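Here is the structure we will look at, set down as C-alpha cells.
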Amino acid sequence: MNTEIKEKLEKLAYKKSIPFCYSCYKEAPEGKCKSCGSDDLARLVRSIGMDWGCDWIIEHILQSELTPVNVDESFEESIRSCYPETTQVGWMNLDTASVMKDQDPISWRIAQSEWESQEAEEGSIMSFDNGSTYYWTSDLETLLEAD
C-alpha cells in the first residue's frame, strides 16, 4: 500500500473531524479537554458519529467520495482489450470474453484474481480493508489534491 496516500488520508480524516472528550462528552478542538484536561480524545464527525482512531473516518470518506473499482467489469474490459471481440466457433461468431467466462469459469476467476493482484502490486488500485474493496489510485490522488 502506498504509505504516502495513507498518511494523506489520515491527515484528511483529522481535518474533517473534531477532537472529542468522551469522559466529559464535549468537543475539545484545541486537542485537550477544557473540563478535565485529558488529551486522550476520540474523534467526532458531525452527523456521522464518534469513535476512537481515524480508520472509520477514512472509510466514511472513501465510501462517500469515491466509487469503488468494479473488479469484474474492469477485468473484463482488460480481457476485451487484449483479445479479438469475437471468436469463431464453427459457423458462429461469439463474444470472446463471454466464451472464456462461460466455458471455464474457474480459469476466469483465477485470471481475474491474478489481474487484481497485479493491479494492486503495480499501484493502480488500492485497498484499505485487505482487498474487500479497491479504489483507483488516480481517484484517491484526485480526492487528496482537491482537499
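Every number in this text was worked out from the coordinates using simple rules, so none of it is lab data. This one's a predicted model, so the numbers in the text were calculated from it and none came from an experiment. Note that each Cβ is placed from the backbone with ideal geometry, even for glycine, and that neighbours are counted across all protein chains shown.
Would you please give the FRET efficiency between residue 102 and residue 3, computed as 1/(1 + (r/R0)^6) with r the Cβ-Cβ distance and R0 = 35 Å, to the nearest 0.05? Write out the running numbers ahead of the final one.
Working: r = 41 Å, r/R0 = 1.17.
Computed FRET efficiency for residue 102 and residue 3 comes out at 0.30.
Each principal axis of the Cα atoms in segment 3-65 has its own extent, and those three values, largest first, are 35, 24, 14 angstrom. Straight Cα distances below 16 angstrom link residue 34 to the lysines 26, with same-chain residues fewer than 8 positions distant left out.
Below 29 Å, Cα to Cα, which lysines can residue 32 reach? Residues fewer than 8 away in the same chain don't count. Within reach: 6, 8, 11, 15, 16.
From the alpha carbon centroid of segment 127-143 to that of segment 1-40 is 23 Å.
Taken over segment 1-122, the ratio of Cα radius of gyration to 2.2 N^0.38 Å equals 1.76. The label point for residue 64 and the one for residue 23, both projected 7 Å from the Cα toward the Cβ, are 2.9 nm apart. Along segment 99-107 the Karplus relation, 6.51 cos²θ - 1.76 cosθ + 1.60 evaluated at θ = phi - 60°, assigns HN-Hα couplings of 4, 4, 5, 6, 7, 8, x, 5, 4 Hz to successive residues, with x for each Gly and Pro.
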